[in-house]
Structure formats: C-alpha cells, structure tokens
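The structure under discussion appears below in the form of structure tokens.
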Amino acid sequence: MAVIKVLTLNMWGVPMVSKKTKERSQYLIEHLLVSDYQIVGLQEVFTEWHAKFIQNGVESVFGHSHWFRSGSLGSPGLLVLSRYPIIEVDFHPFCFEWVSSVYSSWGLVAGKGVGMCKIDHPVMVIDFYITHIHANYTHVGYDPYTGHRINQMFAMAKYIGRSSPANAVLAVGDFNCVEDETAVEVFLETSGLSDSYRELYPDRINNPGYTNDTPECSWRAETSTAALCSNGTCKRIDYIFYSKSNIECKSCDIVLGKIPGKNFSYSDHLGVTSTFAIKNRKPQIKISAD
C-alpha cells in the first residue's frame, strides 16, 4: 500500500524571543533523521541561518527542501522538507489590514501567506500547502484579528481550489484557530478538505488533540499567559487537512512534546503527524522538463 506520512510543527524560531533555538533544532534534526516522515512542514523558521541549519542537518534523508521568502523580515517562516523532488513552488501573500499594535507589525514584516510545493511522490503528485495564520494576541475579550483569520483562511481555501483533482492535496500549519471558530468552518466548507485528526477522533471530549499551551509544552509560560489545560486554556490550532477524494487518513497523532532526557520541549507547540493511504492513482499532472 502506497502511503504518505506528513509532519507539521511550529518551530518557535522568533528572533530575539525564542529560547534555545539552535539546541532545539538540533534535537529536531536528530529526530527527523531516524523518522519515517516523507514530508515535513515547519513554521516560524524566520531566519536564513535557521532554515539552512535545518536543511543541511537533514539533507541526507530529506534531499529536497524549500524555504519561502516574503515580507520585510525576509521570510514568512515556512520551511518544507521532502524525501521526493519538489517540482514547483509558489507563494500567495495575504492581504493585511493594519491594526495598531506591536504584534500586528510583526505579522506585516513577516509577509504572511500560503506556500505551495508540488511534490513528485512516486505514486501521485502532491500539492502541499503550508501556512501560519495570524495569531490571537488578546486571548480574553474582543479579538481584533478575528476578521484577519477568516479572510486569510478563506483566501487560502480559494488558492487551494486551483489544485488539479488528479493530485493529492495536503494543507498544514499553525492556523491559530480552534476548530469551532468561524475561520475553520469557512476554510473546510470552501476548500472541500477534511481535518485528519478529527476524522479519526470525532469525540472532542476524550480526544481534544491539544497542540498549544499544554503541559507537554515547557515554553508555554514564556510565550503566553496560559495556564494548564485544567483551566481551559489548552488549544488545538495546528492541523493537517487533506483531500478525501484520493487519499485516506490511516493515522494521526500529536507528537514532539518534551525532548527525551531533557526538561524542555522541541517547541512551544506540539507537532501533528498523519499517515495517508493513496486510494486511487489518477493521471498525474507534472511540470514538463522542457
């Protein structure tokens, strides 16, 4: 059975803010080198040295990669690693309305948007989309960025709609939205994609799938005002969406909490990994070498 195994992780690589970035990245590299992931999507890899550090570290296994560039900062922080050739790349920037705050300015200079890598899997071409949607920086009361997230996820869904039905479609990233937010509902309805974790674990009570502000994330106190999940602050905001028409989700797990033997975690988010079986091999649309 031909499969596709994917990992997404917000790497927490914010310059001058994130802690132990190089050390955590080295542990991630070591994990990836012995893993069976085929495609990895990382967010918050904002600087070129960080991207090259990871790319060079995993090159023997993930021989193909792309770090997207955009905005005044130089990159939206999106890095794709693949075992298979990347035959086309594209980037769709989000429109961004200014909201006066230090955080919104970070979103502006980062040049947020959707990255796309067309990957030549041996069985089926994969349109692999990656993003990092604008965050909620208020957490309590009115959130001035709700509209931004709805607009960004709608724009991403419309952009994904350009994919050929012959290709498998995967959309991963830090969406900064819990699953009952309007933005997620708009995205799923418009894109036609499915949520890999929730497809396998429909019971939200027993399988919440939290990926942020959880006890497994040792950095949570340094990145937000959140407390433990018992206080209702844990969130599921990292997703792997997929096209049910030609691939079937076989497994989905929340991974990469505390680093083995260390008292800190890989990131301030947990990772999500999903494995898909290819259901049918439709004619593939590839880019000509001419």
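Note on the stretch 151-192: among residues that are touching a Lys or Arg at 6+ places or on another chain (Cβ under 8 Å) and aliphatic (A, V, I, L, M), the one that is most open to solvent (accessible area, probe 1.4 Å) is 178.
Name the residue that is modelled with the lowest pLDDT, counting only residues in the stretch 75-98 that are open to solvent by less than 50 Å² (accessible area, probe 1.4 Å) and part of a strand (DSSP E or B). Top of the filtered list is 91. Selection within the stretch 130-150: residues that are open to solvent by 10 Å² or more (accessible area, probe 1.4 Å) and within 23 Å of residue 79 (Cα to Cα). The member of this set that is modelled with the lowest pLDDT is 136. Under 8 Å between Cβ atoms, which residue pairs at least 6 apart in sequence (or on different chains) link something in the stretch 198-216 that is within 18 Å of residue 184 (Cα to Cα) with a partner that is small (Gly, Ala, Ser) and open to solvent by 30 Å² or more (accessible area, probe 1.4 Å)? So the pair list comes out as 200/251.
Taking the residues in the stretch 11-50 that are assigned to a helix (DSSP H, G or I) and without any contact (Cβ under 8 Å) to a residue 12 or more places away in the chain as candidates, determine which candidate is least open to solvent (accessible area, probe 1.4 Å).
As a first pass, look at the stretch 11-50 and keep what is assigned to a helix (DSSP H, G or I): 21-33, 48-50.
Those still in the list that are without any contact (Cβ under 8 Å) to a residue 12 or more places away in the chain too: 23, 30, 49.
Details: 23: 69, 30: 89, 49: 125 Å².
Residue satisfying both the conditions and the ranking: 23.
Within the stretch 51-74, the only residue that satisfies the criterion of being among the aliphatic types (A, V, I, L, M), at pLDDT 95 or above and open to solvent by 30 Å² or more (accessible area, probe 1.4 Å) is 61.
What is the residue count in the stretch 183-242 for residues that are among the small types (Gly, Ala, Ser) and modelled with pLDDT of 85 or more? Break it down into steps so the answer makes sense when it comes.
Within the stretch 183-242, the subset among the small types (Gly, Ala, Ser) is 183, 191-192, 194, 196, 209, 218, 221, 224, 226-227, 230, 232.
This time we only want the ones that are modelled with pLDDT of 85 or more, so: 183, 191-192, 194, 196, 209, 218.
The number of residues fulfilling the criteria is 7.
Within the stretch 247-268, being of a type in the set (S, T, N, Q) and either within 15 Å of residue 9 (Cα to Cα) or at pLDDT 95 or above (or both) holds for 251, 265, 267. Close Cβ contacts (under 8 Å, 6 or more residues apart or on different chains) running from residues in the stretch 165-183 that are under 15 Å from residue 9 (Cβ atoms) to residues that are open to solvent by 40 Å² or more (accessible area, probe 1.4 Å) comprise 176/136.
Of all residues in the stretch 269-290 being of a type in the set (A, V, I, L, M) and surrounded by 11 or more Cβ atoms within 10 Å (Cβ to Cβ), which is modelled with the lowest pLDDT?
Looking only at the stretch 269-290, we keep the residues that are of a type in the set (A, V, I, L, M), and these are 270, 272, 277-278, 285, 287, 289.
Those still in the list that are surrounded by 11 or more Cβ atoms within 10 Å (Cβ to Cβ) too: 270, 272, 277-278, 285.
Values: 270: 97, 272: 98, 277: 97, 278: 94, 285: 50.
Checking each candidate, the answer is 285.
Number of residues in the stretch 178-224 that are within 22 Å of residue 149 (Cα to Cα) and not in a helix (DSSP H, G or I): the value is 15.
The values are calculated or read from the model by the stated rules, or taken from the named source; none is laboratory data. Here the structure is a predicted model, which is why all the values come from computation and not from measurement. Here Cβ is always computed from backbone atoms with ideal geometry, including for glycine, and neighbour counts include all displayed protein chains. With ligands, DNA and RNA removed, areas are computed over all heavy atoms of the protein, side chains included. Shrake-Rupley method; radii C 1.70, N 1.55, O 1.52, S 1.80 Å.
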